[in-house]
Every structure is written in structure tokens, then in C-alpha cells.
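The values are calculated or read from the model by the stated rules, or taken from the named source; none is laboratory data. Since we're looking at a predicted model, the values are computed, not measured. As a convention, Cβ positions derive from the backbone with ideal geometry for all residues, glycine included, and neighbour counts pool all protein chains shown. SASA here: full protein model, heavy atoms, side chains in, ligands and nucleic acids out. Shrake-Rupley method; radii C 1.70, N 1.55, O 1.52, S 1.80 Å.
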Amino acid sequence: MLSFQVVVVGSGAGGAAVARTLARAGVDVAVLEEGAPYTARDYGSTSPLEAVRLLYRNAGMTFTVGNQSVLVPVGKCVGGTTVINSGTALRAHPDAVRAWKDEFGLSEFAAHQDRLFHELERDLNVVRVRSEITGENTRVFRRGSETLGWRGGPLTRMERGCRGAGRCYLGCPNDAKQSMNVSFIPEAVASGARLFTGCRARRILVKNGRAVGVQTDGPVFFAHAVVVCAGALFTPRLVGTALKHPMLGRNLQLHPAARVIGEFDRDIRGWNEVPQAYHVDEFLEEGISIEGVFLPPALAGASIERFDRVAMIGYRILERARGRVFGFPRSFPFVFYWLHRDDVRLFQRATTLAAEILFAAGAKKVRTSVHPFEEIESLRGLRSTSVGAADLELSAYHAQGTCRMADSPERGVVDPSGETWQIKNLYVADASIMPATPRHNPQLSIMAFGVHVAENILKRLRKEVANTPH
Amino acid sequence: MKATLLALLDTLLERRDPRTVERVERLLEASSRAVRFGFHVSLLIFDWTAFFFFGFERFSTLPLKVRRRYVRLWTRTGLAPMRHLFLALRTVALSAFFDEREHERAVGYRC
């Protein structure tokens, strides 16, 4: 029988932050991770598709269903999606924090968020991208946006000793990107946490209205408290084995995204640098974020004759649409997502802006993800012709909101401390609890929520110990 | 699957590489049953639709010039599901093809 004080399901941004905080405070913690403990030795020099096969759930082929099929790649390995993201680390936008506090009653989190972010930035070495690890792909982006007079600047990332290997999405070959598998998880284990990999959680065990453990494909893990950090697509199903709530699985936001590829008549050689080093935030108020990207030929989604002469830019929108995750037992969740027509218009505008940057920087031709403008030599058609949702080729990397936190049991699945309203000692601490988008890349916000929930669990545990008669 | 994938690559790139099929199979092995099933069905639909519109021949047996016309149809159609089906097949085929270091180098990547 395996018994711990706290069992954490998932080792991504949320789960790792919870496990580290609790383990460092002396709590007996088990971390259950469905994926394997891959290291840079496994993925550092493999081909792109082999890295995808190892690190991504379903070999990267996870989709939504609706008026558009959005590709939503998620990680399945120790460290979760932090292993395959760009490493960009940004605090939640002040408007987002305000919304969390004013609309959802998360005053305690709002009061501590500055400290939480500060400590995370310190512990994960969040730094501005250094110019020596950027290259021509970034310079093209910068030059184009400066020519247009658009506000932007270098991004901040969590890294130590980044050499600009350009493989962020395939796992950092140098362990420079501070993904959870090289940072918080080893720290948690060094503080006494036990990590169980290849361990898929099936059901939360509940007795007399309290969570008492987790049934996995293998052993049962008993615990005083259970923290679910399986990600916005999987948490609803697991939590749904313990309770029913009308908000569970709803309010899914994705930040749908795409890339544009500019073809130049000179060398760019964009692979020898940080792919996501620069961003334009001129249009953030509109809901458009434009950030750098550079993908290898196997992942670029286009057949290009001179890959040494292309530059790429990525972009995403804050959508009006809200999707829904249905958790069917023993299968991949069914994710329904219907893009609003305002989202389509916004996306078309975002595509036009990103393409404009490349043209301003001297691109002769730009490839987009919008039909029928897959290859364009000017913006005329893209600007003047309306397209539909089915004309867009979308992906998304920021699934969130499906188990939202709020100050009332009607509006939230979990309370402001992270505990579910209905089941005692069952907590959630991943992207699913964010009731509104942080607007920026969410991983730092997810970790901040993770630490916040862990600190509340600690307070509860200490109180229970103090109240226990000796 | 092999014949259709190779014919598709030949149409898009005028290259055939049997290693591509192996890479596709390896990728699909790591995906869910639903994705594997969906991919195979999509490939079948793509291959056999030509039979009814292009002289009772499957895509994989058509001459290159006719295959190019057929692919253009799928790329430009106003029917979004048809376009998406082709896009998915093309993306997987190209991804597997360019996953070979030799093909990356041939387009100037990391060389």
C-alpha cells in the first residue's frame, strides 16, 4: 500500500510547482506522471519527429472538433508541456489579475501575486533574451516591426546558459531551458518527493466527502490530500470521477495561433538562435500577440525550397469562443471548440499584421495559414476578402479554464484556495483553474497558482497538526 | 498506405523515399487508435476518390500530370472538410519526408 501526505497528479508547470513547494516544507509528497522521464540524452539530438513521438501526447496529433479543427499539442513526459514550449516566461497581465480579483473574487491570490511571480522569476532565472543568442530570424522580425513603428521588444525566458540551439519545441538539448524536468521536479525529489512515472491516474478515491487517494492503472495511492494538475484537457475528466459540477470542462480557452513564413532572397538561417526571442505587443489591447518562432522543415507545415532563406513569425489571439472538454472514460477527451466569427475576423487581422512585418523586412513572398491566401506577394487580398472559420489552419498551446477557480460554488469548481467546493482535500492546481486568461504565455501564471494552492495546503496541514490532540 | 503516400510525395516534391512510409508508421504507432484509424481512412478516401472522377484509376496509379491536377482540386476546393483531409495527409507526409537529415540538408536547413 502506498500512502503519502499529498499526492500530486501531473508533473507540468502546476504539478511541479506544487510538489516543490510542499516537499521543501517537509511534506511527504508523491508525484504521479503518466509520461516517461526523458532527458536531453533521449531527445537532444534526435530528429524532430522522433522528439515529437517521445515528448508529445498522441505524437502531437491532438485536435478539437467544431467549425474548425485546432491542433493542441500537449506534452506527455516528466515536466509536461514545459518541456516542449518556447520557455517564454511572462507575468499575468495586470488586467488579468484585476479580472481574477474583481470578477472571480481571487483577492488572496491577487494580494500575493507579486511575491509569487518574483520568487518564480528568481528561482527559474527568468531573464531578457540576450542579443548574442538571437540571429537573423529575430532581426528580420525586429526590423520589420520597427519599420512599421510598432511597439515591441525582447521577451523574457526561464533559462540558464542558453546557447540558442533552436530546439525549444523538441526539448532543450542543453538543459538550459528551465522546464520542470530540469528544475522544480529534481528540486522536489531532492527534498524528498517521490516521482512515479508511467503512472496514469484513473480515478480519485473519495470517502465521506473527502479525497483519500488516487486509483491508477497500477497501484492505489492513498493520501491525506490530492492535487490534480493534469492540464486543462485532462483535469476535468479526473476531477469528474469525484464530483459533478456544471462548470467542469467548460470555459476552455486556447489562444488559437498560427505562423507566417517569409521567403527572402538572402540568407536568414533562422535555426541557430532562440526561436521566440522578440514580440510585438502593439495590438495586445485588440487581443493580438505576435511573437517569434522558427520551426524545422518537418514541423513547418510547408514545402520550401530554400529553408536557409526563410524567416517565421508566430501570432495568436485572445478569443471570444469558449470550448468544452468532455471526459469519456479510457479515451482521449473530446474537445469541442466553436470559433466565433469575431475570432475569425481577429485572426485574419492578426495574420495580415504578421505578414506585413515580413513584407516590411523585405520578404518577397509570404506563406500564411489562411485559405486561399496560402502564398501571397502582397496583402491586398488578405486585407479585403473575408474568410470563414474553416479557412484557417490553427494550432494552440495555451489550453486553460476548464476547472475554474471562483469565490462561489456556483461559479467555480474550486474555491480561492484551490480546494474543490464539493470534495474536501481535493485540490486542482494547473491551467484549468485560471478563470480568465492571463493574456500572456501562461506557464508562469500556472506555476504561481500552483505555489498559491500549495501554500494553502501547507497552512491547512499545519493547522490540522496544531489542532491534533497529543 | 505505402503506394498512396509515395505517390503523394512524388506529386508534391517529385521525390519518392520509402523511409518516409516507415517514419509515418512510427509516428502513427505513438498516436491514439482514433488518429491511426482516421489517417488510414483519409488515405483510402483520397486514393479512391480519384477512381470515380479520373478514369477509374486510383490516385496512386495515375500519371504524374493527372496526379498534380487531382491534388490541385483538393487544395483549392471550396469544400472545407475535403481541403482539411488533404491538408492533414500532406502535413504528415511532408513532416515524415523532411524528418530525414538528407532531405533537410537538401533544402538548406542546418548546413
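General observations
- B:Leu94 touching a Phe, Trp or Tyr at 6+ places or on another chain (Cβ under 7 Å), under 27 Å from A:Leu392 (Cα atoms), open to solvent by less than 20 Å² (accessible area, probe 1.4 Å) and at the interface with chain A (Cβ under 8 Å from one of its Cβ atoms): no
- A:Leu295 within 25 Å of A:Ala389 (Cβ to Cβ), surrounded by fewer than 24 Cβ atoms within 10 Å (Cβ to Cβ) and within 14 Å of another protein chain (Cβ to nearest Cβ): yes
- When the stretch B:64-86 is filtered for residues that are within 10 Å of chain A (Cβ to nearest Cβ), part of a helix (DSSP H, G or I) and either touching a helix residue (DSSP H, G or I) at 6+ places or on another chain (Cβ under 6 Å) or open to solvent by less than 80 Å² (accessible area, probe 1.4 Å) (or both), the ones remaining, listed by number, are B:Thr75, B:Ala80, B:Arg83, B:His84.
- Qualifying residue in the stretch A:309-316 (condition: open to solvent by 30 Å² or more (accessible area, probe 1.4 Å) and either more than 17 Å from A:Gln348 (Cα to Cα) or in a loop (DSSP other than H, G, I, E, B) (or both)): yes
- Of residues in the stretch A:448-470 being more than 16 Å from A:Val226 (Cβ to Cβ) and touching a residue at least 24 places away in the same chain (Cβ under 8 Å), the one most open to solvent (accessible area, probe 1.4 Å): A:Glu455
- All positions within the stretch A:151-196 that are basic (Lys, Arg) and in a loop (DSSP other than H, G, I, E, B): A:Arg151, A:Arg160, A:Arg163, A:Arg167
- Leading residue by the ranking (farthest from the other protein chains (Cβ to nearest Cβ)) among those in the stretch B:97-111 that are assigned to a helix (DSSP H, G or I) and farther than 13 Å from B:Leu12 by Cα: B:Glu102
- Counted residues, the stretch A:307-334 - those being at pLDDT 95 or above and not basic (Lys, Arg): 14
Residue by residue, here is whether (1) touching a Pro at 6+ places or on another chain (Cβ under 8 Å); (2) more than 14 Å from chain B (Cβ to nearest Cβ); (3) part of a helix (DSSP H, G or I); (4) open to solvent by less than 30 Å² (accessible area, probe 1.4 Å) holds:
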position: A:Gly15; (1), (2), (3), (4): no, yes, yes, yes
position: A:Val18; (1), (2), (3), (4): no, yes, yes, yes
position: A:Thr21; (1), (2), (3), (4): no, yes, yes, yes
position: A:Tyr38; (1), (2), (3), (4): no, no, no, no
position: A:Ser45; (1), (2), (3), (4): yes, no, no, no
position: A:Ala51; (1), (2), (3), (4): no, no, yes, yes
position: A:Phe109; (1), (2), (3), (4): yes, yes, yes, yes
position: A:Gln113; (1), (2), (3), (4): no, yes, yes, no
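- The listed residue being away from every other protein chain (no Cβ under 14 Å), within 19 Å of A:Ser69 (Cβ to Cβ), among the charged types (D, E, K, R) and touching a residue at least 40 places away in the same chain (Cβ under 8 Å), out of A:Arg320, A:Arg345, A:Arg341: A:Arg341
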